[in-house]
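The next block holds one structure in the form of structure tokens; read it before the comments.
We did not get these values from a lab; they are worked out from the coordinates using the rules stated. A quick note: this is a predicted structure, and the numbers were derived from the prediction, not measured. Cβ placement follows ideal geometry from the backbone for every residue including glycine, while neighbour counts extend to all protein chains displayed.
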Amino acid sequence: MAGCINEIGTRQKADNISGLLGEASMEQYINKLSLQAPPKGFLLRIDIDDLKGINARLGLEYGDMLISKIAEFINSYILPGQKVYHFTGDQFIVLDFLGGTEEDGKWLYKRIRTSIEHFIEINNYEAVFTISAGLVMCDDVEGFTFSALIKPTEYALSKAKHLGRNRCYVFDKKDYTNFLRKRKLMRELRRAVNSGFEGFEAYFQPIYSTELKSIYGAETLMRFHSEDLGMISPAEFIPILEETGLIIPAGRWILNQALGACKRFQSIIPGFRISVNISPVQIMKSHVGSDVISSISEFDMEPSCVTVELTESGFLESDTRFAKMWNKLKDAGVKLALDDFGSGYSNFRYLTTLDPDIIKIDQIFTLKASESDFEYNLLMLFCEMAHSLNLNVCIEGTETEVQLTKVQSLTPEYIQGYYFGKPCSYDDFLKLIQETTK
Ligand code: C2E
Ligand code: CA
Ligand code: CA
């Protein structure tokens, strides 16, 4: 092994181990190789879990000693030609450009772990600690510059930590691509929210009233158009908005879009009703009930023309925040809909404890009912039960004439689905209702 030792940061002890190189020399080494093709082998990035905690409990010197120990263990297991670098504070990278396999990388990690376990034991459990590692096969790296090789190791290591530490995570290219896409989308969504919701659009899907035999309202559905990635499905971007909390401003924005649009739709169809979806995050982390009520008064709307749709995942019976919001909206005369009923776990008890105005049957349930007699009978019994509790039923996902005939025999109050119209832009929805009321 080359004897050159670089000094990194303030912790130099580990670098005194022979054969251990610093981050700068790793970059130099890779540059010097001036690789023309991806190397064969792997990179193993190792990190001590919670060194901060050890430093706090046993002192910095103890922490430094552990770093040196781990460096020693790594050094004793690497093969001639493999290189080990002290990357940052408590991180090491083993570089194998010798054609090492995934099994070789995992083997190395396991050996180091076993040495650590032994070390802990002979030191009478003075400090119990673990290491995490990210293993990247060179074949999975795009490009072969220093930074192209390092970036995936950063991801693989953070994934190992995220999965609960004390493990070696093997880099998965597909997973990494998804991660990069999500990160990009996250940035774009944040930028869009902070620049007047550019890229966001409110779509409207007609809701048909079986009593009036006409379109009676619409569900507002959010859309996001990314400059780079194109049209993104809400199934992808709503969870990101929720994770980042951006659903709070975006939810307020769509609420105002919905109410503004509803005012215009009411000039064509008097009493037109608009539905908005509310996420559990909005309930837990904002005053969404007050937002809805103040928007309704700002737009000078009849509260009963507004329906708030909530999925079961938003209900925490014991949560007073939720109960407060629910009662506030109910008292104000806003309609409440229990969304996605029949998808996965559906708690029948909510029907009586929450007393919603409308139950929305999930499109999966509708599809199953149109394909199986058993599911159809189940849906029929459910609709009968909801009606006996004086609840209105809206059946979603009605796409074809055949489905419509079946659905109508269940006497729901409302039907929603592609048969009556797909979600569309404000202008298209306006055209649709203008035509149907001609
Ligand atoms: P959801 O609330 O259950 O909305 C109904 C979804 O079913 C919509 O998907 C709609 O396009 C789709 N759909 C309606 N009829 C049919 C049909 O006949 N066949 C099929 N195959 N699909 C139909 P979309 O617009 O992709 O929205 C997906 C989900 O994203 C929504 O499910 C809702 O949970 C969430 N979402 C959308 N907009 C918002 C929003 O503004 N706020 C919140 N919190 N969530 C939203
Ligand atoms: Ca909905
Ligand atoms: Ca739904």
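Quick check on my link table: of LYS368/LYS438; LYS32/LYS106; LYS368/LYS422, which ones sit more than 32 Å apart, alpha carbon to alpha carbon?
In this structure, LYS368/LYS438 lie more than 32 Å apart at Cα.
Please express the Cα-Cα pair-distance distribution P(r) of the chain as a list of whole percents, one per 10 Å bin, running from 0 to the bin with the greatest distance.
4, 17, 20, 16, 13, 14, 12, 4, 0
Using Cβ contacts closer than 10 Å as the measure, can you line up SER214, SER297 from fewest to most?
SER297, SER214
Among the DSSP beta bridges whose two residues both lie in the chain, what percent are antiparallel, rounded to the nearest 5?
Here the antiparallel bridges make up roughly 55 percent for the chain.
Below 8 Å, C-alpha to C-alpha, sequence gap of six or more: please give me the relative contact order for segment 284-401 in percent.
Over segment 284-401, the number comes to 21 percent.
SER226's amide H: which non-local residues (gap 5+, or another chain) put their own amide H closer than 5 Å, with H modeled 1.01 Å from N in plane and none for Pro or chain starts?
Amide H neighbours of SER226: MET231, ILE232.
At ASP175 and LYS431, where each label point lies 7 Å from the Cα along Cα→Cβ, what is the point-to-point distance in nanometres?
4.6 nm
Over the chain, what is the relative contact order in percent, taking alpha-carbon pairs closer than 8 angstrom and at least six residues apart?
Here the relative contact order equals 11 percent.
Summing -39500 (n - 2.57) over the DSSP H runs of n ≥ 4 in the chain and dividing by its residue number, what mean residue ellipticity at 222 nm do you reach, to the nearest 500 deg cm²/dmol?
Taken over the chain, the calculation gives -15000 deg cm²/dmol.
Tell me which residues come under 5 Å, amide H to amide H, from ARG273 once H is placed; ignore anything under 5 positions away on its chain.
Under 5 Å from the amide H of ARG273: GLY217, ALA218.
What are the ³J(HN,Hα) couplings of segment 253-259, residue after residue, when phi is run through the Karplus curve with 6.51, -1.76, 1.60 and θ = phi - 60°? Round to Hz, x for glycine and proline.
Whole-Hz 3J(HN,Hα) from phi for segment 253-259: 4, 5, 4, 5, 4, 5, 5.
5 Å is the cut-off here: which amide hydrogens, built 1.01 Å from N in the peptide plane, fall below it relative to GLU413, excluding neighbours closer than 5 in sequence?
Amide H neighbours of GLU413, under 5 Å, 5+ apart: VAL393.
Among DSSP bridges having both ends in segment 200-277, what percentage is antiparallel? Round to the nearest 5.
80 percent
Order 35-41, 432-438, 24-30, 218-224 from most to least packed using the mean count of other Cβ atoms within 10 Å.
Ranked by mean Cβ neighbours within 10 Å, highest first: 218-224, 24-30, 35-41, 432-438.
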